[in-house]
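A short worksheet on the structure shown next.
The values are calculated or read from the model by the stated rules, or taken from the named source; none is laboratory data. Since this is a predicted model, take the numbers as computed values, not measurements. Cβ: placed from backbone, ideal geometry, glycine included. Neighbour counts: every protein chain shown. Ligands, DNA and RNA are stripped out before the accessible areas are found, and what is left, the full protein with its side chains, is counted by its heavy atoms. Shrake-Rupley method; radii C 1.70, N 1.55, O 1.52, S 1.80 Å.
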Amino acid sequence: MDAILLFSHGSILCGAERNLIELAAAMRERGDAPIVEVGFLNYSEPLFRESVERCINQGATRIIVAPWFLIAGKFVVDDLPATIAEAKAAHPDVEFTVAGVIGFHQLIADAVLSASGSGKDPEEWRSNPQAYSWCRESPRCPLYRTEGCRAPQEATA
């Protein structure tokens, strides 16, 4: 059974993984593949190796790794092959293939134009509580427990 594993670098800012997780959910809902998961190289969760396990536990025999990058930079050219080699060593009976990076497509240009029409001042999107709904307490986040921390904080008495 095929699985699509959306691969990205990850971020130390909590909540940064939201976009990709929502994309995977939309792809699952549309039925794009029997299994659609997200895996990050660093910082964000779930990590790539955890997502490989999720795919296999759902019955995947082939995992198509789809890099969530516009270009094939260091993370795709250097880090991804090493990450996949580890997964292949742990699961020699599972086939791994790598899709191309996103690259250029006219629909991307259309999406950029659409987003630019709804642009806001940075202060406006920084103060949007919906944008931070995915934040959680994370000591790795540079904003953790600072005045700018977006994660819900326990009330102190």
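Is it fair to say residue 77 is within 20 Å of residue 103 (Cβ to Cβ), free of Cβ contacts under 8 Å to residues at least 24 places away in the same chain and among the β-branched types (Val, Ile, Thr)? Write out each step before concluding.
On the way: within 20 Å of residue 103 (Cβ to Cβ): yes; free of Cβ contacts under 8 Å to residues at least 24 places away in the same chain: yes; among the β-branched types (Val, Ile, Thr): yes.
Answer is yes for this residue.
Checked against (1) in contact with a Leu (Cβ under 6 Å, 6 or more places away or on another chain); (2) in contact (Cβ under 8 Å) with a residue 60 or more places away in the chain, residue 24 meets all criteria but (2). Tell me whether segment 129-139 contains one or more residues that are in a loop (DSSP other than H, G, I, E, B), modelled with pLDDT of 65 or more and open to solvent by 90 Å² or more (accessible area, probe 1.4 Å). Yes, that holds for at least one residue. Among residues of segment 28-39 that are more than 10 Å from residue 5 (Cβ to Cβ), those with a beta-carbon under 6 Å from a residue that is surrounded by 11 or more Cβ atoms within 10 Å (Cβ to Cβ) at least six positions away or on a different chain give the pairs 28/36; 34/1.
Filter segment 6-17 down to residues that are open to solvent by less than 50 Å² (accessible area, probe 1.4 Å) and either of a type in the set (Phe, Trp, Tyr) or under 10 Å from the mean Cα position of the chain (by Cα) (or both), then give me how many there are. It would help to see each step written out before you state the result.
Step one: filter segment 6-17 for residues open to solvent by less than 50 Å² (accessible area, probe 1.4 Å), giving 6-11, 14-15, 17.
Right, trim to either of a type in the set (Phe, Trp, Tyr) or under 10 Å from the mean Cα position of the chain (by Cα) (or both) and you get 6-11, 17.
Counting residues in segment 6-17 that are open to solvent by less than 50 Å² (accessible area, probe 1.4 Å) and either of a type in the set (Phe, Trp, Tyr) or under 10 Å from the mean Cα position of the chain (by Cα) (or both) gives 7.
Across segment 41-83, what is the number of residues that are open to solvent by 40 Å² or more (accessible area, probe 1.4 Å) and among the small types (Gly, Ala, Ser)? Within segment 41-83, residues that are open to solvent by 40 Å² or more (accessible area, probe 1.4 Å) and among the small types (Gly, Ala, Ser) number 2.
Exactly one residue out of 86, 37 is open to solvent by less than 40 Å² (accessible area, probe 1.4 Å) and either more than 22 Å from residue 141 (Cβ to Cβ) or hydrophobic (A, V, I, L, M, F, W, C) (or both), and it is 37.
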